[in-house]
């Protein structure tokens with residue numbers, strides 16, 4: 001007979017240990033567990049929201065399968081279930097990462113062993129899902145924006161900034177006028193990056209971008225430096241901060257207006273464009289990494305890999321052999 005020993009109380013319920021497994025996932029208060037887990041990950045609201053969404057799928061899966069004490073095979077079967085459900089590799093990876101982090105916490109708290117430690121996520125290809133613009137295409141996008149209006153000046157300045165400085169939509173949305181500062185002999189923008197709580201990253205601002213921003217802010221007659229750098233002009237939200245959704249829509253509209261209508265061209269393509277053109281025009285991997293504020297050099301190296309592949313002359317040599 002297996003000895004059952006009391007371990008601790010969670011939400012007033014006695015948690016018992018059967019062997020090395022303490023939690024019964026069918027009867028535990030999952031909301032209470034998650035709230036405690038949130039303290040462990042110490043993430044931003046967006047990070048917490050992502051983990052909550054991902055873990056919800058895991059708990060739904062266990063409930064539907066009647067699983068009370070999962071083991072490593074359960075996590076592997078869950079991964080295969082996600083694949084069979086048609087989930088994208090990036091989605092599967094996010095879901096599995098959430099499960100792995102959750103069981104790191106349960107083991108640290110002596111609630112449940114880390115059953116996901118050696119389970120791999122989904123294999124993700126080393127190619128980006130979005131395309132980038134060539135220098136000629138980027139120039140056309142900017143040239144086709146009518147700068148005779150306040151909206152036009154704003155959109156031109158925003159697209160110029162995103163295409164040259166590689167900012168994410170959330171970083172553009174968070175920017176304030178006061179974030180334009182000087183460093184050494186250059187104008188820079190202080191950026192609050194993804195997952196950061198402060199504007200602790202500095203990106204050098206090209207002269208053309210600064211001129212476009214000054215023209216926009218002058219036309220807008222912005223006086224309060226704490227105002228958002230890019231503001232809405234709609235009747236309901238005039239002067240308020242542009243949302244990431246609005247920014248994405250403005251970028252997409254500019255692409256389509258310039259004749260570049262593709263599902264693989266989105267607001268995130270501006271970041272790919274900045275990275276690719278940076279490397280193509282002589283910047284080192286380290287300089288491009290600093291521009292994009294990548295934590296890992298491997299992420300930046302993907303751009304270099306794609307550039308090398310595009311320069312491969314093999315197909316042209318075959319073309320000459322056949323058609324010359």
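Bear in mind that the values in this text are calculations on the coordinates, not laboratory data. If you're wondering where the values come from, they're calculated on a predicted model, not measured in any experiment. Methodologically, a virtual Cβ is constructed for each residue, glycine included, from the backbone with ideal geometry; neighbour enumeration extends over all protein chains shown.
Worth pointing out:
- Region 53-97 residues near the modelled residue 118 label - backbone nitrogen below 12 Å, point 7 Å along Cα→Cβ: 72-73
- Between residue 218 and residue 248, the modelled labels are 3.5 nm apart [label points 7 Å from Cα along Cα→Cβ].
- Cβ crowding within 10 Å averaged over residues, with 163-172, 98-107 ranked highest first: 163-172, 98-107
- Relative packing of peptides 226-235, 35-44 - highest average C-beta neighbours within 10 Å first: 226-235, 35-44
- Cα-based helix-to-principal-axis angle, 297-310 vs the chain, degrees rounded to 10: 60
- Length, then width, then depth: along the principal axes, the Cα atoms of the chain run 81, 65, 39 Å.
- Rg(Cα)/(2.2 N^0.38 Å) for region 24-125, N = residue count: 1.01
- Using C-alpha pairs under 8 Å with a sequence gap of at least 6, the mean separation divided by the residue count of the chain gives a relative contact order of 15 percent.
- Shape annotation for region 135-310: C-alpha extents along the principal axes are 47, 38, 29 Å, from largest to smallest.
- Taking 0.36 nm per residue of sequence separation and removing the Cα-Cα distance, the residue 110/residue 196 pair yields an extension gain of 28.0 nm.
- Taking the C-alpha atoms only, the angle from helix 72-84 to the longest principal axis of the chain is near 40 degrees.
- Residue separation of residue 178 and residue 211 scaled by 0.36 nm, minus their Cα-Cα distance, works out to 10.3 nm of gained length.
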